[in-house]
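Worksheet for the structure shown next.
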Amino acid sequence: MSDESPRPPRRKRYSGKNPRRFEDKYKEHDPSRHAETVAKVIASGKTPAGSHVPVLMEECLDALKLEPGMIGVDCTLGYGGHAARILESLAPGGKLIGLDQDPIELPKTEQRLRMAGFDAEAFTAVRSNYAGIAKVLSEQGFQDVDFILADLGCSSMQFDDPSRGFSFKNAGPLDMRMNPNRGLSAADWLARITPEKLAEALHHHADEPRAESIATAIAGKTFRSTLELAAAVRVIVRADPDEIDLSVRRVFQAVRIAVNEEFVALDAFLRALPACLKPGGRAAILTFHSGEDRRVKKNLQAALRDGQFSAISENVITASPEERRMNPRSAPAKLRWAVRA
Ligand SMILES: C[S@@+](CC[C@H](N)C(=O)[O-])C[C@H]1O[C@@H](n2cnc3c(N)ncnc32)[C@H](O)[C@@H]1O
């Protein structure tokens, strides 16, 4: 037997143009070594593979009115873009607790923030659903905090990685779970759902106008991949190509919301929110579609009426034309804030 260990396989080289496949974009996946490539990708209005461009950053910081020494929660840590800037504002002496339900991305983000110099005193990462924010706070030894940020929905790392099964543009297993260790995959959920329940989800989660006909055709069926589901929707919708694409997008959104029980979690979070803030404490919530924004708006208004909040944003704050150009994913974002009475 030879004691020579086999050579590791050679990594594919960038050949002229950037690679197209998510998993081949090794420079984008390693921004610390390829900062120039990553900067070029961002400047071209794209999100580098395996990362996330934070949305409405200055507006979130402005809404939270952070000061050194404050303690708060980022309920949706994601890539840690908002968290890194928040942590800079809290030093010296402050503390950020970062939650995320994604067990795949959370350790990577924790490591990135540690490498950026934020130690365990300044930053704690907790894998948790934000529905349980009150429990997390008490486990961390706090009853209430100075600020809470929630940037709802999925991260670009989740959307863009075909193996997570969120995107109708790339072939992947039909999964869509932010926490793949919990609940049913999108494929299993669709295979078990009735047409009536699916039509309801398509209406309520995505305002899909063809909910009934799409639900009748796809409920209870087995789709192995994202592209199979997208193709099945395309066959049903008789419209121009842009309209068809919109329906595919809405079906994926509705199924994703259902599989991750996003509205159940959001409602629980909004109920818990006032009690988790100190008097004068501030919350900022970013939403990305009307179903989320309606819930946030109604809950903040109700908590203002019953005296739990002393002020809430009168109008939604949206991305500037410049931000939309630089990061098209910011276009649907709406920011609302509230101040604890
Ligand atoms: C839009 S991204 C946040 C991006 C982040 N602000 C940044 O700057 O990188 C949303 C993140 O929230 C997480 N998330 C979504 N719903 C959640 C929930 N109910 N509980 C905890 N985390 C959740 C997702 O896994 C995802 O990482």
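Please treat every number below as a calculation from the coordinates, not as lab data. Just so we're clear, the structure is a prediction, and the values are computed from it rather than from any experiment. Here Cβ is always computed from backbone atoms with ideal geometry, including for glycine, and neighbour counts include all displayed protein chains.
Tabulated results
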| quantity | calculated |
| --- | --- |
| Rounded to whole Å, sorted largest first: equivalent-ellipsoid semi-axes of the range 278-341, Cα gyration tensor | 25, 12, 8 |
| Distant-in-sequence amide H partners of ALA319 (H built 1.01 Å from N, under 5 Å) | ALA333 |
| Normalised per residue, the volume of the convex hull around the Cα set of the range 180-259 (Å³) | 79 |
| Peptides 161-171, 226-236 ordered by average Cβ neighbours within 10 Å, highest first | 161-171, 226-236 |
| Amide H within-cut-off set for ALA311, under 5 Å, with H built and near neighbours excluded | VAL339 |
| Tail weight of P(r) past 25 Å, computed on alpha-carbon pairs of the chain, percent | 56 |
| For the range 325-333, 3J(HN,Hα) per residue [Karplus equation, 6.51 cos²θ - 1.76 cosθ + 1.60, θ = phi - 60°, Hz, x = Gly/Pro] | 5, 6, 9, x, 5, 7, 4, x, 5 |
| Net lengthening on full extension, ARG21/ASP62 (0.36 nm per residue, minus Cα-Cα) | 11.0 nm |
| Net charge contributed by nearby residues that have their C-beta within less than 13 Å of PHE118 (K/R +1, D/E -1) | -1 |
| Antiparallel bridge percentage (DSSP; both residues within the chain; nearest 5) | 40 |
| 5 angstrom amide H check on PHE123, placed H, neighbours 5+ away | LEU96 |
| For GLN158, net neighbour charge (Lys/Arg +1, Asp/Glu -1) across residues whose Cβ lies under 11 Å away | -3 |
| Using θ = phi - 60° and Karplus 6.51 cos²θ - 1.76 cosθ + 1.60, couplings along the range 128-144 (whole Hz; Gly, Pro as x) | 7, 7, 5, 4, x, 4, 5, 5, 4, 4, 5, 5, 8, x, 10, 8, 8 |
| The chain: DSSP helices with Cα axial extent of at least 15 Å and average Kyte-Doolittle hydropathy no lower than 1.0 | 226-236, 262-276 |
| Subset of LYS40/LYS169; LYS95/LYS135; LYS298/LYS334 violating a 21 Å alpha-carbon distance limit | LYS40/LYS169 |
